[in-house]
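The values are calculated or read from the model by the stated rules, or taken from the named source; none is laboratory data. Keep in mind it's a predicted model, so treat the numbers as computed, not measured. We place every Cβ from the backbone using ideal geometry, glycine too, and count neighbours over all the protein chains shown.
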Amino acid sequence: GKDTVARRITILGSTGSIGTNTLDVVHHLGGRDVVEVMALTGNGNVALLAAQARATGAKLAVTADDTQYASLKKALAGTGIAVAAGRSGLIEAAEMDAGWVMAAIVGNAGLAPTLAAARRGADIALANKECLVSAGPLFIAAVRQGGGRLLPVDSEHNAIFQVLEEHQRHAIERIILTASGGPFRQSTLSDMAQVTADTARAHPNWSMGLKISIDSASLFNKALEMIEAKHLFGLQPEQIEVIVHPQSVIHSMVAYSDGSVLAQLGCPDMRTAIGYALSYPRRCTLPVERLDFAKLARLDFEAPDEVRFPALRLARLAMQRGGAQGAVLNAAKEVALDAFIAGRTGFLTMASIVETVMDELSDLPDPASMDDVFAADEKARQWAAGLI
Ligand code: NAD
Ligand code: MG
């Protein structure tokens, strides 16, 4: 662990894909000798959460699910680890005295606790892209006021963060987000109309949580990432390009005004991005697979097809319209996605639902407060639910 800064950390969403990868990185960097875990949070998976809390010696374990409080309490009886539940428990976790907080709760549920951590000045390792999509300017302002760093963990944004030199920011022409294209990259529209959640969740390169896997198949994940990039790096919508790159080796690129394009490459493994965020501004040593260029032989690129993947067009529309369109897009997408997972709507219908709701709520002004964000989110959810 000599190459890592000793840290006190909290992981919001420790039981998920990013959360467990974060704990794996912590383990490889030296575990309890190097990193002190303050709080861990989960939702339904109390057994895993309790096991994580015991293994790391966390001070506090929180389940977001109020009904699981008693069973978490029981699972941690006699350990001295404090237990909490519900929304207030998540805030309590965020407000523990950790200098580095991994924001890895999926969806809008992550917004309030991540904001709480940002406001008190923690460095935020941001996996939860929904924070920026729904509340970009407010979230960035909260981080600035708090005085902590914003460390992008989403692999594309982490790649850009790695190759974006602050003193060359003025010379950025555009950024190029890579997209694997997902499992339906070569499918026809009529095939795509028939797919189920089980086929949509099978991502070709990355192993991720259920919702983000399906969002990757529809390219809604890339749509969210375009908006995320706009806020993170202060870009104009027309500076954000998406290219399909099926091997997922180039994680994204920055194109500068002198014609140079800088890319970050690696095997698709989120631990590299997580380790970078945990060790920043240094680098750590991780046992991830190394790139073998001879074996790789080739890298392919193709323009995304916005007829089969309208999500990209909707992201651009949301950025051009401004107002509360980011919050609306995200909330309508979450409702449509839940309905798709439950088998209540089709794969292609998700984008139609989102577009209709965006049109209905196109006159909502820029959110001036988090209450405005939550109000726009709620309106969009109601509209979307009415369409299903
Ligand atoms: P996941 O579904 O595997 O895990 C989500 C975590 O959030 C779990 O700990 C779960 O218990 C918790 N959670 C779920 N619902 C909750 C609720 N209502 N309240 C509080 N906690 C709740 O998801 P993931 O793949 O780890 O993704 C986490 C976030 O990171 C998402 O925003 C996703 O878009 C982003 N992200 C993930 C990846 C990846 O490789 N998995 C890559 C980039 C970005
Ligand atoms: Mg990503």
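For the range 341-350, which positions are part of a helix (DSSP H, G or I) and touching a helix residue (DSSP H, G or I) at 6+ places or on another chain (Cβ under 6 Å)?
ILE341, MET350
Given the structure, is VAL133 of a type in the set (Val, Ile, Thr), farther than 20 Å from ILE160 by Cα and touching an Asp or Glu at 6+ places or on another chain (Cβ under 9 Å)?
The answer is no for VAL133.
How many residues are within 22 Å of SER213 (Cα to Cα), in a helix (DSSP H, G or I), of a type outside the set (Ser, Thr, Tyr) and out of contact with any Phe, Trp or Tyr (no Cβ under 7 Å at 6 or more places or on another chain) if we restrict to the range 131-163?
Residues flagged as within 22 Å of SER213 (Cα to Cα), in a helix (DSSP H, G or I), of a type outside the set (Ser, Thr, Tyr) and out of contact with any Phe, Trp or Tyr (no Cβ under 7 Å at 6 or more places or on another chain) within the range 131-163 amount to 4.
Is at least one residue of the range 227-244 under 30 Å from THR15 (Cβ atoms), in contact (Cβ under 8 Å) with a residue 60 or more places away in the chain and touching a Leu at 6+ places or on another chain (Cβ under 6 Å)?
yes
Considering GLY44, GLY107, which residue is within 24 Å of SER207 (Cβ to Cβ) and within 16 Å of ligand 2 (Cβ to nearest atom)?
Answer to the check: GLY107.
Based on this model, can you work out whether ALA200 counts as surrounded by 16 or more Cβ atoms within 10 Å (Cβ to Cβ), more than 12 Å from ligand 1 (Cβ to nearest atom) and more than 15 Å from the chain's Cα centre (by Cα)?
Yes.
What about ALA200, is it touching a residue at least 40 places away in the same chain (Cβ under 8 Å), more than 16 Å from ligand 2 (Cβ to nearest atom) and either among the small types (Gly, Ala, Ser) or out of contact with any Gly (no Cβ under 6 Å at 6 or more places or on another chain) (or both)?
Considered against the rule, which asks whether it is touching a residue at least 40 places away in the same chain (Cβ under 8 Å), more than 16 Å from ligand 2 (Cβ to nearest atom) and either among the small types (Gly, Ala, Ser) or out of contact with any Gly (no Cβ under 6 Å at 6 or more places or on another chain) (or both), ALA200 comes out as yes.
If I ask for residues that are buried (at least 21 other Cβ atoms within 10 Å of the Cβ) and within 12 Å of ligand 2 (Cβ to nearest atom), which ones from the range 209-227 would you list?
Those that are buried (at least 21 other Cβ atoms within 10 Å of the Cβ) and within 12 Å of ligand 2 (Cβ to nearest atom): ILE212, ASP215, SER216, LEU219, PHE220, ASN221, LYS222, ALA223, LEU224, GLU225, MET226.
Quickly run through the range 173-216 and pick out the residues that are farther than 18 Å from ALA127 by Cβ, assigned to a helix (DSSP H, G or I) and out of contact with any Ser or Thr (no Cβ under 8 Å at 6 or more places or on another chain).
Scanning the range 173-216 gives LEU189, SER190, ASP191, MET192, ALA193, GLN194, ALA197, ASP198, THR199.
In the set ILE274, ILE353, which member is in contact (Cβ under 8 Å) with a residue 60 or more places away in the chain, in a helix (DSSP H, G or I), among the β-branched types (Val, Ile, Thr) and within 22 Å of VAL106 (Cα to Cα)?
Selected residue: ILE274, the only one of ILE274, ILE353 that is in contact (Cβ under 8 Å) with a residue 60 or more places away in the chain, in a helix (DSSP H, G or I), among the β-branched types (Val, Ile, Thr) and within 22 Å of VAL106 (Cα to Cα).
Go through LEU29, LEU12 for me and flag whichever is in the same structural domain as ARG120 (by TED's automatic domain parsing), more than 26 Å from ILE212 (Cα to Cα) and in contact with a Gly (Cβ under 9 Å, 6 or more places away or on another chain).
Sole residue among the options that is in the same structural domain as ARG120 (by TED's automatic domain parsing), more than 26 Å from ILE212 (Cα to Cα) and in contact with a Gly (Cβ under 9 Å, 6 or more places away or on another chain): LEU29.
Got a sec? Which of ILE91, ILE81 is away from ligand 1 (no atom under 15 Å from the Cβ) and more than 21 Å from SER279 (Cβ to Cβ)?
Testing whether each residue is away from ligand 1 (no atom under 15 Å from the Cβ) and more than 21 Å from SER279 (Cβ to Cβ) leaves just ILE81.
Can you tell which of VAL254, VAL242 is more than 13 Å from ligand 1 (Cβ to nearest atom), within 17 Å of MET319 (Cβ to Cβ) and outside any helix (DSSP H, G or I)?
Only one candidate qualifies: VAL242.
Restricting to the range 145-189, name every residue that is touching a strand residue (DSSP E or B) at 6+ places or on another chain (Cβ under 8 Å), more than 14 Å from ligand 2 (Cβ to nearest atom) and β-branched (Val, Ile, Thr).
Within the range 145-189, VAL163, ILE172 qualify.
Looking only at the range 72-90, decide whether some residue is in contact (Cβ under 8 Å) with a residue 24 or more places away in the chain and under 15 Å from the mean Cα position of the chain (by Cα).
Scanning the range 72-90 turns up no residue that is in contact (Cβ under 8 Å) with a residue 24 or more places away in the chain and under 15 Å from the mean Cα position of the chain (by Cα).
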